[in-house]
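J.: Quick one: this structure, given as structure tokens, is what I'll be asking you about.
The values are calculated or read from the model by the stated rules, or taken from the named source; none is laboratory data. What you see is a predicted model, and the numbers here were worked out from it, not measured in a lab. Cβ atoms come from the backbone with ideal geometry, glycine included; neighbour counts cover every protein chain shown.
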């Protein structure tokens, strides 16, 4: 065999060894390698895989360590990693001015006002609700609404709707009446119990003392003031419907309570009740609380922590609950920006009032991986490389272009969630761990030897000429 042919063969085998070692090392950087079950198809498809709880626990917070590769060759597949979105209908309120036409007292302690929508040159939509504006506090009334085209023939559209204020018990006020989208111009409101409205109580205390300063007598006077219910204004609203293309639907998340209370937060809030929990590093934007108390209004703080980092505050909110007679209104949800923290701690500064409060669940967005595949191809999902570099996804703009052309996705599933045997082997002593450095040394040595042999051959060639 000619020396030049030998030289090229040696260089070729050295390069193959180096590339194989590099490919092995690249796959070994990912702790998880999970096959994807791709539906059979006679044409190219866009596959969509929604991350599972196992995937959220295994990946980085930015999801930059997710990769899709061909099962046979290990070739990287273009993929898009993004939040799951959908088109959603959203209703936006627009105020409507109402003019008072008549006000009169009825029997049985009732009061009635007649209103009309002001004429407008613009096209107006149906009226969807009313707001009764009053300066009074601590009341409960029922409102009946009728509508008419000509202010003579009336039809009822809302009967005995409750409006109320519970300022003495909780920070709660509701004075809106929702209507079934009425287009009539005239409206008539009938309100019950107009002559009995509690506005407050006044207490006066008088003391008298003798020459030595001793108290001789105490006089107390308590006065409860009542006056007629007052309406300052009735405002209306229309609703316009618009479609939001990139709405982020929130799905239910399972949360698990932990018994350990962070010493750092306990020292900062000694009188507070602390509730620790975790959600498997799944994306969270809401947490739901529960309490059996009928009247409840609590300030809450939410802290999060990643690994050994310090606790950071992610939310400050208030939760309320009112169970009054047959009326129930509760807002027991805490909202915050999306978080994938390893641990959370809910701080309730009023520990006594929050004695029975508990975290029962959470909600957050989902993420998906979209990639192309063809007939007979198989793919593997790689994840779990904390040192992965580069942007999230691979050639993702090309995938978005396919979306803009109307290509639909097909849903795929993972075949379980599997750890990567190469990752374990690369960390086992005396096995594949030394493969890449050894391959580099061998390749450099072989290439160096080839160069030396080539240089030695050059003088002989010169003498031959």
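J.: Do we have residue 220 as modelled with pLDDT of 75 or more, over 30 Å from residue 295 (Cα atoms) and not in a loop (DSSP other than H, G, I, E, B) here?
T.: Answer is no for this residue.
J.: Go through 383, 388 for me and flag whichever is farther than 15 Å from residue 49 by Cα, surrounded by 11 or more Cβ atoms within 10 Å (Cβ to Cβ) and touching a residue at least 24 places away in the same chain (Cβ under 8 Å).
T.: Criteria check complete, one pass: 388.
J.: Also, quick follow-up: Which count do you get for residues in the stretch 394-420 that are loosely packed, with under 11 Cβ neighbours inside 10 Å and touching a strand residue (DSSP E or B) at 6+ places or on another chain (Cβ under 8 Å)?
T.: 3
J.: Kindly indicate whether any position in the stretch 248-268 is at pLDDT below 90, in the same structural domain as residue 346 (by TED's automatic domain parsing) and exposed (fewer than 12 other Cβ atoms within 10 Å of the Cβ).
T.: yes
J.: Follow-up. Before we move on, is residue 47 outside any loop (DSSP other than H, G, I, E, B), modelled with pLDDT under 95 and surrounded by 14 or more Cβ atoms within 10 Å (Cβ to Cβ)?
T.: For residue 47, the condition - outside any loop (DSSP other than H, G, I, E, B), modelled with pLDDT under 95 and surrounded by 14 or more Cβ atoms within 10 Å (Cβ to Cβ) - is not met.
J.: Can you tell me which residue among 64, 103 is in the same structural domain as residue 388 (by TED's automatic domain parsing) and at pLDDT below 95?
T.: 64
J.: From the list 213, 280, which one is modelled with pLDDT of 85 or more and not assigned by TED's automatic domain parsing to the domain that holds residue 60?
T.: Numbers: 213 fails: modelled with pLDDT of 85 or more.
Every option except 280 fails the conditions.
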